[in-house]
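Let me begin by presenting the structure, written as structure tokens, before commenting on it.
The values are calculated or read from the model by the stated rules, or taken from the named source; none is laboratory data. Worth saying up front: this structure is predicted, and the values here are computed from it rather than measured. So basically every Cβ, Gly included, is an ideal-geometry build from the backbone, and we count neighbours across all protein chains shown. Protein only, heavy atoms only, side chains kept; ligands, DNA and RNA dropped before computing areas. Shrake-Rupley method; radii C 1.70, N 1.55, O 1.52, S 1.80 Å.
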Amino acid sequence: GNSVTQMEGPVTLSEEAFLTINCTYTATGYPSLFWYVQYPGEGLQLLLKATKADDKGSNKGFEATYRKETTSFHLEKGSVQVSDSAVYFCAGRSSNYKLTFGKGTLLTVNP
Amino acid sequence: GAGVSQSPSNKVTEKGKDVELRCDPISGHTALYWYRQSLGQGLEFLIYFQGNSAPDKSGLPSDRFSAERTGGSVSTLTIQRTQQEDSAVYLCASSLGQYQPQHFGDGTRLSIL
């Protein structure tokens, strides 16, 4: 079946540091890929997405590029802020509607 | 605009009781999903509704779980004879169509004593 593997946390960074959270997806065909963010006490919010190979999703300074050859969708941000502290989930969707999620990565950014 | 609304936000109940969780999707969204978020299992798909089609119940963990969607809008997830392993955050999402991005509510945190 489909599966998503993302970097295990927790990840702790200082403000303005560079962030990478790795994500790879195993599925038949080429899925759409997503990053969701969950701030403390809140629900999941869609952060960015890519629907085909070489697409780059971007939002709020975050970027992720869909690499076809490795089905990877690593999340990056050049300079993190304290307000970026949250849990980040990578997710994929193949030919059906079900989202398959990674386990989540807790990011803490210290001032 | 209004997002996906879930109620209650928190629910504490005794083992063996029945619970009902409610989801109001975004207006105009035809697709509605329920997921469960628990410490041991991460985020799991439970059930999917699309318009008037038969729902996909393949993710429901046991026959104690059921869900309905009335009038193509509000959905209720019912858990009968609750067990401690049912403790989790239950998330509802909706989308314009089955291939559109899913928008999530804040969830209902269910605690079984």
Next on the checklist: Looking only at residues that are open to solvent by 40 Å² or more (accessible area, probe 1.4 Å) and assigned to a strand (DSSP E or B) in segment B:62-77, which one is farthest from B:G51 (Cα to Cα)?
Outcome noted: B:S66
Checklist entry - Taking interchain pairs and intrachain pairs at least six residues apart, which have beta carbon atoms under 8 angstrom, with the first residue in segment A:26-45 and away from chain B (no Cβ under 11 Å) and under 16 Å from B:A88 (Cα atoms) and the second open to solvent by less than 20 Å² (accessible area, probe 1.4 Å) and of a type outside the set (K, R)? => result A:P40/A:A86
Next on the checklist: The conditions are (1) outside any loop (DSSP other than H, G, I, E, B); (2) open to solvent by 10 Å² or more (accessible area, probe 1.4 Å), and A:C90 fails exactly one of them. Which is it?
Outcome noted: (2)
Checklist outcome for this item: Picking from B:A67, B:A54, the residue that is touching a Pro at 6+ places or on another chain (Cβ under 8 Å) and among the small types (G, A, S) would be B:A67
Checklist entry - Within segment A:35-48, restricting attention to residues that are part of a strand (DSSP E or B) and modelled with pLDDT under 95, which residue is surrounded by the most Cβ atoms within 10 Å (Cβ to Cβ)? => result A:L44
Checklist entry - In the list A:N110, A:N22, A:N96, which residue meets the criterion of being under 15 Å from the mean Cα position of the chain (by Cα) and either more than 10 Å from chain B (Cβ to nearest Cβ) or of a type outside the set (G, A, S) (or both)? => result A:N22
Checklist entry - Restricting the search to segment A:49-67, which residues are assigned to a strand (DSSP E or B) and in contact (Cβ under 8 Å) with a residue 12 or more places away in the chain? => result A:K49, A:A50, A:G57, A:N59, A:F62, A:E63, A:A64, A:T65, A:R67
Next on the checklist: Can you confirm whether B:S87 is surrounded by 14 or more Cβ atoms within 10 Å (Cβ to Cβ), under 20 Å from A:G43 (Cβ atoms), more than 10 Å from chain A (Cβ to nearest Cβ) and of a type in the set (G, A, S)?
Outcome noted: yes
Next on the checklist: If I filter segment A:72-83 down to residues being out of contact with any Gly (no Cβ under 8 Å at 6 or more places or on another chain) and open to solvent by 10 Å² or more (accessible area, probe 1.4 Å), which single residue comes out as farthest from A:N110 (Cα to Cα)?
Outcome noted: A:H74
Checklist entry - Which numbered condition trips up A:G9, out of (1) open to solvent by less than 80 Å² (accessible area, probe 1.4 Å); (2) more than 26 Å from B:S38 (Cα to Cα)? => result (2)
